[in-house]
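Reading through the structure tokens given below for one structure.
The values are calculated or read from the model by the stated rules, or taken from the named source; none is laboratory data. Bear in mind the structure is a predicted one, so any value in this text is a computation, not a measurement. Ideal geometry is used to build each Cβ from the backbone, glycine not excepted, and the neighbour counts take in all protein chains shown. Areas reflect the complete protein model, heavy atoms only, side chains present, ligands, DNA and RNA absent. Shrake-Rupley method; radii C 1.70, N 1.55, O 1.52, S 1.80 Å.
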Amino acid sequence: MSIPFGVLNPFIDHLGFTLERFESGESEVHYEARPEHLNCFAVIHGGATMTLMDVSMAFAARSVQPEIGVVTIEMKTSFMQAARGRLTARGRLIHRTATLAFTEATVFDAAGKPCSHATGTFKYVRRLTEGPEDNQALNVISTN
């Protein structure tokens, strides 16, 4: 059974990601691509795969402090093989400071073979509290 993402994110909803693990600096996000998510070679588009890893790393970073949001500062991706079928992204928080999270994620295909790997740096941010429609408006935490 999937875990609610807890934030309004229409793009995640559009892609159909499901959050399956969100604890102790780790996350797991599942994804079943639809035909419109494929590239001209009939495999999952690299942009969709990168988004899957970005989301997985963000939730790994947030899992140690769920009330705080994160924004992507930097991401480096390596593609190892074409991604097909149901994908699983496993994210891990490697290190954190008061304002930054250093993370990694790997995407696996249905056979458990790695398809791509990414590392990412995220900045911790505070959300506005007016209501759910304000989830997208973030105030950056002061570094002072």
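Data overview
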quantity	calculated
Selection from the range 99-110 of residues that are modelled with pLDDT of 95 or more and open to solvent by 60 Å² or more (accessible area, probe 1.4 Å)	Phe102
Residue in the range 81-90 that is in contact with a helix residue (DSSP H, G or I) (Cβ under 9 Å, 6 or more places away or on another chain), closer than 18 Å to Gly25 by Cβ and open to solvent by 80 Å² or more (accessible area, probe 1.4 Å) present	yes
Which listed residue is of a type in the set (D, E, K, R), open to solvent by 30 Å² or more (accessible area, probe 1.4 Å), within 15 Å of the chain's Cα centre (by Cα) and under 18 Å from Gly120 (Cβ atoms), from Glu20, Glu26	Glu26
Checking Asn139 against (1) modelled with pLDDT of 95 or more; (2) assigned to a strand (DSSP E or B), the condition it does not meet	(1)
Residue match in the range 4-11 (condition: surrounded by fewer than 17 Cβ atoms within 10 Å (Cβ to Cβ) and closer than 25 Å to Ala82 by Cβ)	yes
Test: residue in the range 57-68 that is buried (at least 17 other Cβ atoms within 10 Å of the Cβ) and touching a helix residue (DSSP H, G or I) at 6+ places or on another chain (Cβ under 7 Å)	no
Within the range 29-47, considering residues that are touching a residue at least 12 places away in the same chain (Cβ under 8 Å) and open to solvent by less than 70 Å² (accessible area, probe 1.4 Å), the one farthest from Arg86 (Cα to Cα)	Gly46
Test set (1) part of a helix (DSSP H, G or I); (2) more than 21 Å from Val7 (Cβ to Cβ); (3) in contact (Cβ under 8 Å) with a residue 24 or more places away in the chain - Ser78 fails condition number	(1)
Every residue from the range 111-136 that is modelled with pLDDT under 95, open to solvent by less than 60 Å² (accessible area, probe 1.4 Å) and of a type in the set (Lys, Arg)	Arg127
